[in-house]
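The values are calculated or read from the model by the stated rules, or taken from the named source; none is laboratory data. These numbers come from a predicted model, not from an experiment. Heads up, the Cβs are rebuilt from the backbone with ideal geometry, glycines too, and the neighbour counts pull from every protein chain shown. Please note that ligands, DNA and RNA were not included when accessible areas were found on the heavy atoms of the full protein model with its side chains. Shrake-Rupley method; radii C 1.70, N 1.55, O 1.52, S 1.80 Å.
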Amino acid sequence: MQVVTVRGSVTEALCDVLIVNLFEGVKRPGGATGAVDQALGGAISALIEREGFEGKLGETLDLTTGGAIGASRVIIVGLGKADAFDADAIRKASAVAARRARNLSARRVASIIHGAGIGGIDPALASRATTLGTLLGLYKFTRLKTDKPTREVEEFAIIEKDESKLAAIEAGMRIGKTVADAVSFARDLTNEPANVVTPGYLAETARTIAGEFGMECRVFEREEIAELGMGLLTAVARASAEPPKFIRLEYKSPNATRRIAVIGKGVTFDSGGLNLKPGDSMAAMKDDMGGAAAVLAAMRAVGELKPEVNVLALVPATENMIGGNATHVGDVIRALSGKTVEIDNTDAEGRLILSDAATYAESEGVDEIIDVATLTGACVVALGRGMAGVLGSDQGIVERLIKAGAKDGEKLWQLPLHTDYLDNLKSETADMKNAGSREGGAIIGALFIKNHIKGTPWAHIDVAGPVTLDRESALSTKGSTGFGTATLVNYLLGNS
Ligand code: BES
Ligand code: MN
Ligand code: ZN
């Protein structure tokens, strides 16, 4: 889909649908909406009155213009209360209006940017949020449907008459589009079923990104993973017929002074292993590579935006399956870190593969390690599907991650890395167990990973909740949300 910034007047914009807006409780539209109302002889005011339109956030109204202006139809979207207005409201209003336009079979959609000039939201941010909301609202996963929907928006234009704002709007639109494309890429990768997205598929995806953007990519095969000493990844992958891959994708900037490792959990299907998950809990476990999807998607945005930082992306990719050669409960495995781990639950596999990857990153001498993982059901219970948990050994990284997420509407909530809970991981036979108790599970999972990192500043984002939705939201279809992608992109851009 094309997105463009156009200098001109809203009444002249040639399009199928023009989107304008109204704050809650405003009876007489002003600004651009007022100008359109006037050109239509007061038709918008009359309709607002007749329909009892209140301007609540996401409420919409539409009318045909009969050719009185450049647009065939107009959609009025509610922005909610002016004093509660922010970038979240812009994204939501944009998404709802775009879906309404699609339902009206619009191919060419034009919009004013919501909220620029009001309440101190600067034009670049408003345009970024308008673009991101529009593109994410229109996202659909249809690759596997033979009967493709025919109604698709082909062009989205932001109309602005004030020349002095154009450059900022254009820049905001560009970053909004890059982030939306990356998030959509992560959604696609995660929405694909596990018989398509295998560890090998993730490796091919990384190779393609490397080729597209001139990055370095290396993929370690099962034997090489074992030879490296990654006992934990090897143990998780044992019973899988799909060969595991350890993926290393590196972006280098000539002006970089720092090197950051980003690690994504790439479990392409988590059956639980011999601690087999019950049916209901297994249903969404093709999404257990959502962290890997966010990392790979962020690398595409990094390739496009070229921040001045070196990024080492690592994806330990495997299935977690059952079979005659599966890792038993009670097996003791030597990690790449050299520590020994008693497997008390084969379903706590994410922390195993992430620990080997983190040790690998540390041996590479990176300055920081960030991992993104669908790690624990406990985090979903604690925080729900609206936000991720973030924990780390370095408060600076944690706070920068929270800010980076907030920029594009991803909410991260810090949980304490409470070291007393390490008691849970005490083992009779080995240095530690992998699962421990379910109480405080999100914290214990993070502590396990920390046990394998010697001193490199590290933070962990548990995205088990927000990565998947069981119903549609304003900004996402049911299924994968691509959560984590925008946070990583903004973090790496360092503009957070
Ligand atoms: N992939 C799951 C975590 C998960 C749960 C992701 C729900 C998305 C939604 C992870 O591998 C897992 O199974 N964790 C266990 C850990 C436990 C055995 C200590 C869990 O959370 O139950
Ligand atoms: Mn599991
Ligand atoms: Zn898992």
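Computed values, structure above
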| item | result |
| --- | --- |
| Gyration tensor verdict on the range 412-496 (Cα atoms; rounded if a/c is under 1.5, prolate if a/b is larger than b/c, oblate otherwise) | oblate |
| Helix-only [θ]222 nm of the chain, DSSP H runs n ≥ 4, -39500 (n - 2.57) each, per residue, nearest 500 | -11000 deg cm²/dmol |
| Mean-position separation - Cα centroids, the range 379-435 and the range 247-280, in angstrom | 16 Å |
| Of the DSSP H helices in the chain, those whose Cα atoms cover at least 15 Å axially and whose Kyte score averages 1.0 or more | 290-305 |
| Isotropically averaged projected area of the range 61-102, using the convex hull of Cα atoms (one quarter of hull area), nm² | 3.4 nm² |
| Carbon plus sulfur fraction of accessible area for the chain, probe 1.4 Å, in percent | 49 percent |
| More than 27 angstrom apart: percent of Cα pairs within the range 189-324 | 22 percent |
| Computed Kirkwood radius, in angstrom, where 1/r is averaged over Cα pairs of the chain | 23.6 Å |
| Reach of residue 450 by Cα under 17 Å, taken over lysines that are not fewer than 8 positions away in the same chain | 265, 339, 426, 433 |
| Packing-based ranking, highest mean first, of 176-188, 291-303 given that Cβ atoms within 10 Å are counted | 291-303, 176-188 |
| Sequence-distant lysines (8 or more away, or on other chains) whose Cα lies within less than 16 Å of residue 148 | 140 |
| Loop GluC sites (Glu not before Pro), the range 195-278, which have at most 15 other Cβ atoms in a 10 Å radius of their Cβ (DSSP) | 221 |
| Accessible area (Å², per residue) of the chain, counting only protein heavy atoms and a probe of 1.4 Å | 40 Å² |
| Ranked by how many other beta carbons lie within 10 Å on average, peptides 50-57, 403-410 from highest | 403-410, 50-57 |
| Descending Cα extents along the principal axes, the range 1-140, whole Å | 33, 33, 28 |
